[in-house]
Amino acid sequence: MLTVVAAAICDRPGRLLLQQRRAGKRHAGLWEFPGGKVEPGEDPPLALVREIAEELALTLDPAGMRLVGSAEEAARAGHPGVALQLYACSLWRGVPAGLEGQLFGWYAPGEAKLLPLAPMDRHLLEAYAG
């Protein structure tokens with residue numbers, strides 16, 4: 001089982017920062033909470049800090065993170081199972097930039113629900129935003 005972390009980053013009006021999966025990735029073209037893989041021996045919140053800096057040029061403060069949900073996807077041919085942990089991130093700095101060429105945007109929770117979301121992200125959005 002591959003451990004993956006994701007961030008529910010909100011701006012002052014309460015919009016969520018979401019990004020679109022790039023071509024060639026699992027769930028390509030679908031929208032997701034930003035994040036990535038936890039390396040062996042890495043602390044999940046610190047992995048999330050690293051991933052968000054690498055993907056979106058934002059600096060997250062681990063002191064402002066709290067685990068708000070999790071989801072799992074079973075293994076399938078050629079792909080391991082995935083355990084996704086979603087952290088609400090209330091303390092962050094910077095202006096987002098798609099450093100890996102991905103599209104991203106700020107969405108009110110109701111708008112986010114209308115996006116074609118990756119299955120686990122849809123589950124976590126429902127748990128997070130109701």
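Worth pointing out:
- Based on the reciprocal of the average 1/r between different C-alpha atoms, the Kirkwood radius for the chain equals 14.6 Å.
- For Ala8, nonlocal amide neighbours, meaning residues 5 or more places apart or on other chains whose placed amide H falls under 5 Å from its own, are Tyr87, Ala88, Cys89.
- Ranking Tyr87, Tyr128, Tyr107 from most to least accessible surface, computed with a 1.4 Å probe over the protein chains only, gives Tyr128, Tyr107, Tyr87.
- Label-to-label distance, Arg12 versus Leu91, with points set 7 angstrom from Cα along the beta-carbon direction: 2.0 nm.
- With every protein chain in place, the chain: carbon and sulfur % of accessible area (1.4 Å): 56
- Unit charges at the beta carbon, dipole of region 1-46: most positive-side option, Val38, Val5, His27: His27
- Excluding exposed DSSP-loop GluC sites (Glu not before Pro) (at most 15 other C-beta within 10 Å), longest clean stretch of the chain: 43-99
The values are calculated or read from the model by the stated rules, or taken from the named source; none is laboratory data. Keep in mind the model is a prediction, meaning the values are calculated, not measured. With ideal geometry, Cβ positions are generated from the backbone for all residues, glycine too; neighbour counts draw on all protein chains shown. Note: accessible area is taken over every heavy atom of the protein model, side chains too, but ligands, DNA and RNA are not part of it. Shrake-Rupley method; radii C 1.70, N 1.55, O 1.52, S 1.80 Å.
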